[in-house]
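Please find one structure pasted underneath; my questions will follow.
Coordinate-derived values only; no laboratory data. None of these values were measured; they are calculated from a predicted model. Cβ placement follows ideal geometry from the backbone for every residue including glycine, while neighbour counts extend to all protein chains displayed.
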Amino acid sequence: MGEEVESVGHRVSVAAPLIFTIVITFQLLSGWLERLKKKGGSTNATVIQLHVEIKQLLKEASYLSQPSTFAQAAKLRRLAAAKEKELANYLESHSREMKMSYDLYLKVLFLFKVLTYFVLICWFWRVPVATISQRLVQPFGNLLSWRTGGTLNNHVMVGIIPWLILSTRVSKFVCRLLK
């Protein structure tokens, strides 16, 4: 019986930091994906090539400033405008594809987070995740010990659901500080 209590105490001492680490990992991953989604991705060879072609056409058109070469300069400027339109269309379609893929990754991450939280809730249901001195949580002791058995030796036994809520709030705060 003494070994069982000791193993439960050992599991409780490791459970709280482990759950917090899982929660903050999910928060960091979702924040990273959101930033990548907003950024739109990196420039690739096609974008660089189109930029170079546009600059080259505009440069050639600027050299042709004589009245006899005005028609040729206008033609080069029209070609540069067409290339700019092609570049804008390419960037729009590329950013749309990237956002759709990041949306997919965010949905998969959300589903994985929900599944992980469900497993954690099932695993630690009615088992205290952490113990906190009753003096620290005087008005909220019963709320934190929801479904875990209340207090023991002037310590509040914190349940899994309040611990997940608390960990999520703290990890969001930490992620905002890291931005």
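How would you rank 104-110, 122-128, 161-167, highest first, on the average number of other Cβ atoms within 10 Å across their residues? Walk me through the numbers before you get to the answer.
Numbers: 104-110: 12.7, 122-128: 15.1, 161-167: 18.6.
Descending mean neighbour count gives 161-167, 122-128, 104-110.
Between Glu97 and Glu53, how many nm apart are label points set 7 Å from Cα along the C-beta direction?
Those two pseudo-labels are separated by 1.7 nm.
Moving to a separate point now. Measuring from centroid to centroid over Cα atoms, what is the spacing of the range 71-87 and the range 16-68 in Å?
24 Å
State the extension gain, in nm to one decimal, for the chain segment bounded by Arg35 and Lys179, taking 0.36 nm per residue of separation less the distance between their alpha-carbons.
Details: separation 144, 0.36 × 144 = 51.84 nm, distance 0.98 nm.
Full extension from Arg35 to Lys179 adds 50.9 nm.
Lys59: which lysines have alpha carbons under 17 Å from its alpha carbon, excluding same-chain residues fewer than 8 sequence positions away?
Lys75, Lys83
Here's a follow-up. From the Cα gyration tensor of the range 22-137, with a ≥ b ≥ c the square roots of its eigenvalues, which class applies: rounded if a/c is under 1.5, or else prolate if a/b is larger than b/c, or else oblate?
On the way: a/c = 7.32, a/b = 4.15, b/c = 1.76.
Verdict is prolate for the range 22-137.
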